[in-house]
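Here's the structure, in structure tokens; my notes come after.
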Ligand code: UD1
């Protein structure tokens with residue numbers, strides 16, 4: 001079975017790596033890795049291929065940055081050629097980035113079977129570009145692999161036949177468990193001069209948080225207050241750096257006491273960092289899940305989440321910037337919820353996905 005595994009942006013690699021390795025081991029699959037090039041900096045892309053021991057992508061589409069339409073259209077045009085040349089039996093897409101959407105549209109129009117890993121997540125907020133990507137990808141997919149049971153319910157509400165929906169668990173936990181030995185050996189804290197649980201980790205990259213200068217400045221002053229009490233490690237997305245520079249906040253930020261700003265970190269270093277953090281403040285999707293798995297308190301700077309299970313069962317709470325101090329004080333006073341690990345976040349998701357694909361082909 002020739003299977004095109006599509007990646008484009010940082011949150012994709014950790015979802016495709018366990019599938020690729022499981023397919024290689026299985027014997028019945030011939031996985032091709034197609035990288036759209038949506039992310040292209042070394043530390044947003046290549047470093048993950050090295051750490052996950054993935055081969056160089058079979059196809060590099062070189063799409064790069066641009067408006068949503070531009071990025072999606074370029075990826076579609078290039079991916080269409082790849083599909084015509086390689087005639088995959090399946091296209092497998094993961095997550096919700098623009099590359100996911102582009103590859104899904106191409107596969108559906110060429111009549112190639114499409115599977116979506118991490119299907120069914122909904123924030124019910126269509127101002128998020130990722131929500132549009134999730135809706136379209138799920139509407140087009142032949143097989144929908146969900147990470148949590150709420151996702152099955154979302155899909156059924158949208159009229160997707162339950163025979164196509166498979167609750168397989170969270171593929172990112174496969175990656176964590178596969179990489180656990182390497183993560184345990186990371187020396188990132190030594191390099192940063194930090195000790196276990198004496199710092200919090202901050203990541204912020206969503207345009208809804210970065211595009212409003214007033215909000216960004218407010219956030220900045222809140223941050224300044226807290227880094228006096230507990231120090232902060234802030235691995236920074238390249239776009240976030242640009243926004244801090246544009247708003248004249250950069251110099252003050254990097255000179256602020258109690259804060260270390262780093263380049264985007266590799267997976268191994270980043271996971272070690274959050275595993276041993278006091279708590280995490282983020283606006284990312286995946287980090288909400290990883291902190292829940294590791295039992296680390298997480299405050300998510302968003303009005304909604306497509307991953308409500310991390311709030312209902314895990315260690316995550318949503319917050320705006322106004323309420324951030326109250327949340328952090330709750331963590332510092334030891335009153336944060338403990339949380340539990342959601343069902344099927346067990347490191348065996350890729351095995352279940354492969355079995356479903358094999359069974360599906362057998363039935364035809
Ligand atoms: C994308 C995803 C988002 C995901 C995030 C993780 C979409 C719609 N969004 O957002 O869901 O959480 O990736 O990182 O697909 N840039 C660089 N170097 C790079 C990549 C980007 O400098 O390697 C800068 C460019 O200025 C670019 C900007 O970051 O314009 C935004 O990149 P883009 O791919 O459009 O979206 P992300 O914000 O990274």
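The values are calculated or read from the model by the stated rules, or taken from the named source; none is laboratory data. Not measured: the values here are computed from a predicted model. Note: ideal-geometry Cβ built from the backbone for every residue, glycine included; neighbour counts use all protein chains shown.
A few remarks follow.
- The residue list 346, 359 contains one member that is modelled with pLDDT of 95 or more and part of a helix (DSSP H, G or I), which is 359.
- Between 29, 59, 79, 48, the distinction of being in contact (Cβ under 8 Å) with a residue 24 or more places away in the chain, buried (at least 16 other Cβ atoms within 10 Å of the Cβ) and out of contact with any strand residue (DSSP E or B) (no Cβ under 8 Å at 6 or more places or on another chain) belongs to 48 only.
- Residue 245 being over 21 Å from the mean Cα position of the chain (by Cα), within 15 Å of the ligand (Cβ to nearest atom) and assigned to a helix (DSSP H, G or I): yes
- Counting only residues that are crowded, with 20+ Cβ neighbours inside 10 Å and more than 24 Å from residue 51 (Cα to Cα), the stretch 245-282 holds 2 of them.
- Residue 357 fulfils the conditions (1) crowded, with 18+ Cβ neighbours inside 10 Å; (2) within 18 Å of the chain's Cα centre (by Cα); (3) farther than 28 Å from residue 193 by Cα except for a single criterion, (2).
- Residue match in the stretch 248-256 (condition: in contact with a strand residue (DSSP E or B) (Cβ under 6 Å, 6 or more places away or on another chain) and part of a helix (DSSP H, G or I)): yes
- Residue check, residue 138 touching a residue at least 60 places away in the same chain (Cβ under 8 Å) and either exposed (fewer than 13 other Cβ atoms within 10 Å of the Cβ) or assigned to a helix (DSSP H, G or I) (or both): no
- In the stretch 113-124, the residues that are more than 13 Å from the ligand (Cβ to nearest atom) and either surrounded by fewer than 18 Cβ atoms within 10 Å (Cβ to Cβ) or in contact (Cβ under 8 Å) with a residue 40 or more places away in the chain (or both): 115, 117, 119, 120, 122, 124
- When the stretch 316-329 is filtered for residues that are buried (at least 16 other Cβ atoms within 10 Å of the Cβ) and more than 21 Å from the chain's Cα centre (by Cα), the ones remaining, listed by number, are 321, 324, 327, 328.
- Selection from the stretch 209-237 of residues that are within 16 Å of the ligand (Cβ to nearest atom) and surrounded by fewer than 15 Cβ atoms within 10 Å (Cβ to Cβ): 211, 212
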